[in-house]
Each structure stands twice: as C-alpha cells, then as structure tokens.
Amino acid sequence: MIIIMLGAPGTGKGTVAGILSENLNVPTVSSGDIFRKAIQEKTELGKEVEGYLSRGELVPDELTIKVIEARLNEPDLANGVILDGYPRTTAQAERLDKFLSEHGKKIELAINLETPREELIERVVNRRICENSECKTIYNLKLNPPKQDGICDKCGSKLMQRKDDNEEVMNNRLDTYFKQTQPIIDFYDKKGVLCTYEVSVKINRMGTDVAKELTERLKK
Ligand code: ADP
Ligand code: ZN
C-alpha cells in the first residue's frame, strides 16, 4: 500500500503518518527526517542540505529525488510505504509516478490536510518532538502536551524543538509550500486518489481524528 501525505507544514502530516503506520503496519518515510538525520550526523548530504532547511526552502529536486529513490529501493519497503513530505514539487511527483510504474506499483491514496494559516504558525511554534529516533512522537504544548514537562509519554525520552520551528522560518516554509507544493494537489486530484481533510481547532478535528477515520477506512 503506497500512501502519500500532502499539506502545509504544521497540518499534522507527521502525526497522521505515524498513527497510520502503527495501525496498518506500513513503514513511514519522511524526507525531512532523512535530511535532519544527515545534518545531525554531519554527512556529505547533511552539509549539502543544511542551508535549505535552515532557511525553509526546498532542497533541489535532483538531490531529493536521488535520496528518496535510494530509500524506496530498500527491502523493508517492498510491501508499502507512507511517504511523509515527498513529493513536494511537480517534478518530484512526476518522477515518483515513473518510479512506481517501473516497479509495477501505484499510489493508493494521497491524503491532503488543510488548516488555516494562522493556526499553522501557532502550532509549529508550540510543537515538540520526542528525540528518540525510534519514537519521534509529536506533541503540542497547547493542544496535546506531554504528561510530564519535556518528557515523552511513550518512551520517557527528552522532547526537542526543531530549529526551523520558529515564526520567521515557518513563514518562509509556508510561502514555499503555497508556491511549489500546492500545485501538485491538482495532479493527484486528477488521478482520482486525492482525499482532503480539514484539520482545525475551529471544527474540533485534529490529526489524531483524521488518522482514526482513515484507519477504519483502510482496514476494510
Ligand atoms: P514540514 O512539512 O513541517 O516543513 P519536513 O520535515 O517535511 O517539515 O521538511 C523540513 C525541510 O526539509 C523542508 O523545509 C525542506 O527544506 C526539506 N524537505 C523535506 N522534504 C522535501 C522535499 N520533498 N523536497 C525538497 N525539500 C524537502
Ligand atoms: Zn518517545
């Protein structure tokens, strides 16, 4: 089963992907996580991409496509994957299609999350993430705080804040999203695989609720 997650930063893509991954037993691949790990480990890739992430710009297509295709070829993804953060440009979406059809596969569902812009900034600024790479549970200091300050409920590791989760970089990430990523929503709509959910405190629906609805739908 191949699922892709679409939506602006802060909509809850990572939350939904994480819950679906657990419930459906399908691994998640997050392009942002791959880049952040490379930066942390100071690899060649890390050095190349660091500037883009710190400014809230997209990593160039050729490099991103190379990294993700290499990951998609690994054996643990033979039965499916939830792609969180990829594709993000028309070029990436087209290459993914080509890659999948060459492997006799296709996208089953493109989950698109939509949230009002002002909510997104507030959410990202309050986001904290479990630093344990096996866990990576996402919290929000206001909407979904951990039981104990700064500590993950699930595994007891420390929580951290992403460097790009500040208002200034977030504004760039949002501009980047609306300019470069939003156009691909139409691409998936035309293919008939798009499923859009509104995620907002205003309608009292969060990522966790969407994940629950989708689990029921996909388990059938
Ligand atoms: P968010 O959706 O909250 O912005 P991600 O973890 O998905 O966070 O991405 C963080 C950063 O990693 C992006 O701002 C961008 O610099 C880079 N990145 C992630 N995925 C891609 C992609 N598919 N193409 C280009 N750059 C990417
Ligand atoms: Zn944890």
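Which residue, Arg36, Arg205, Arg123, tops the fluctuation ranking in a GNM of the chain built on C-alpha contacts under 10 Å?
Arg205
Could you tell me which of the pairs Lys37/Lys66; Lys98/Lys190; Lys37/Lys212; Lys13/Lys136 are separated by over 19 angstrom between their Cα atoms in the structure shown?
Going by Cα-Cα distance, Lys37/Lys212 fall outside the 19 Å limit.
Return one whole number: the accessible area per residue of the stretch 1-106 in Å², for a 1.4 Å probe.
That works out to 47 Å² per residue.
Within the chain, what whole-number % of the accessible surface is contributed by carbon and sulfur, with the 1.4 Å probe and all protein chains included in the calculation?
48 percent
Spelling out what I want: for every residue of the stretch 121-132, take phi, set θ = phi - 60°, compute 6.51 cos²θ - 1.76 cosθ + 1.60 (Karplus), and round to whole Hz; glycine and proline get x.
5, 4, 5, 5, 5, 9, 7, 10, 10, 5, 7, 6
Leaving ligands, DNA and RNA out of it, rank Phe99, Phe187 by accessible area with a 1.4 Å probe, largest first.
Phe187, Phe99
Along the stretch 8-15, what does the Karplus equation 6.51 cos²θ - 1.76 cosθ + 1.60 (θ = phi - 60°) give for ³J(HN,Hα), rounded to whole Hz, x for Gly and Pro?
5, x, x, 6, x, 3, x, 5
For Asn140, list long-range residues whose amide hydrogen, built 1.01 Å from N in the peptide plane, is under 5 Å from its own amide hydrogen.
Correct list: Arg128.
Can you find, among Pro87, Leu6, Ser157, the residue farthest towards the positive end of the dipole of the chain? Put +1 on the C-beta of Lys and Arg, -1 on that of Asp and Glu.
Toward the positive end, the furthest listed residue is Ser157.
Long-range amide H contacts for Tyr86: which residues qualify at under 5 Å (H placed 1.01 Å from N, peptide plane, sequence gap of 5 or more or a different chain)?
Amide H to amide H, under 5 Å and 5 or more residues apart or across chains, Tyr86 pairs with Met5, Ser31.
Distance between the C-alpha centers of the stretch 87-125 and the stretch 1-36? Whole Å please.
When both Cα centres are located, 10 Å separates them.
May I ask you to derive the relative contact order of the chain, considering only C-alpha pairs under 8 Å and at least 6 residues apart, and to give it as an integer percent?
Once normalised by length, the contact order is 32 percent.
How large is ³J(HN,Hα), in whole Hz, for each residue of the stretch 28-38 in order, when computed from phi with the Karplus curve 6.51 cos²θ - 1.76 cosθ + 1.60 and θ = phi - 60°, using x for Gly and Pro?
9, 10, 10, 4, x, 5, 4, 5, 5, 5, 4
So, for the stretch 173-220, what is the accessible surface per residue at a probe of 1.4 Å, expressed in square angstrom?
61 Å²
Please work out whether the stretch 19-154 counts as rounded, prolate or oblate from its C-alpha gyration tensor, where a ≥ b ≥ c are the square roots of the eigenvalues and a/c under 1.5 means rounded, while otherwise a/b larger than b/c means prolate and anything else oblate?
prolate
The values are calculated or read from the model by the stated rules, or taken from the named source; none is laboratory data. These numbers were taken from a predicted model, which means no experiment stands behind them. Virtual Cβ from ideal backbone geometry, glycine too; neighbours counted across all protein chains shown. Each accessible area value is taken on the protein alone, full model and side chains, heavy atoms only, with ligands, DNA and RNA left out. Shrake-Rupley method; radii C 1.70, N 1.55, O 1.52, S 1.80 Å.
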